[in-house]
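The structure under discussion appears below in the form of structure tokens.
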Amino acid sequence: MQIESHLKKKQRVLDNFLMPFVQSRSFPMWLSQLISMLGGSVTTVILPMVVYSLTGSTTMMGIVMAAYMLPYVIMLPFSGWIVDRYDRVKIS
């Protein structure tokens, strides 16, 4: 009996904690961004290890990582220009 009331109280605390996230309209976007960043971070760590374990070459590992990062290096200046140029309030 006492265990059940303790579990119900814990459930109520968890529900109260999660309620703002569940009711938020931007929560799915935030969650998908979190999952995407986690995947990108894992790829950044694992990719060089896989390449090195397959080839045994640090040079090949560097080439693969440079090719992996090249789109970011090319697109960041353009995306910064776009963000600075256009007003976010008018877009949405």
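Annotations for the structure displayed:
- Surface/4 of the Cα convex hull for the chain, nm²: 11.0 nm²
- Sequence-ordered 3J(HN,Hα) estimates for region 14-24 from the Karplus curve with 6.51, -1.76 and 1.60 and θ = phi - 60° stand at 5, 4, 5, 5, 7, 4, x, 5, 5, 7, 5 Hz, glycine and proline given as x.
- Between N16 and L38, the C-beta separation translates, for a Förster distance of 22 Å, into a calculated FRET efficiency of about 0.25.
- Its Cα centre serving as origin, region 12-92 has a Cβ charge dipole (Lys and Arg +1, Asp and Glu -1) of approximately 200 debye.
- Whole-Hz ³J(HN,Hα) from phi, Karplus 6.51 cos²θ - 1.76 cosθ + 1.60, for region 58-75, glycine and proline x: 6, 5, 5, 4, x, 5, 5, 5, 5, 5, 5, 8, 4, x, 5, 5, 6, 7
- The calculated FRET efficiency for V50 paired with L76, based on their beta-carbon distance and R0 = 30 Å, is about 0.75.
- Whole-percent carbon and sulfur share, accessible surface of the chain, 1.4 Å: 70 percent
- Here r is the Cβ-Cβ distance between S24 and M69 and R0 is 41 Å; the resulting FRET efficiency, rounded to 0.05, is 0.80.
The values are calculated or read from the model by the stated rules, or taken from the named source; none is laboratory data. Please read these numbers as outputs of a predicted model, since none were measured by experiment. All Cβ positions, glycine included, derive from the backbone under ideal geometry; neighbour counts span all protein chains shown. Surface accessibility is based on the protein's heavy atoms, side chains included, excluding ligands, DNA and RNA. Shrake-Rupley method; radii C 1.70, N 1.55, O 1.52, S 1.80 Å.
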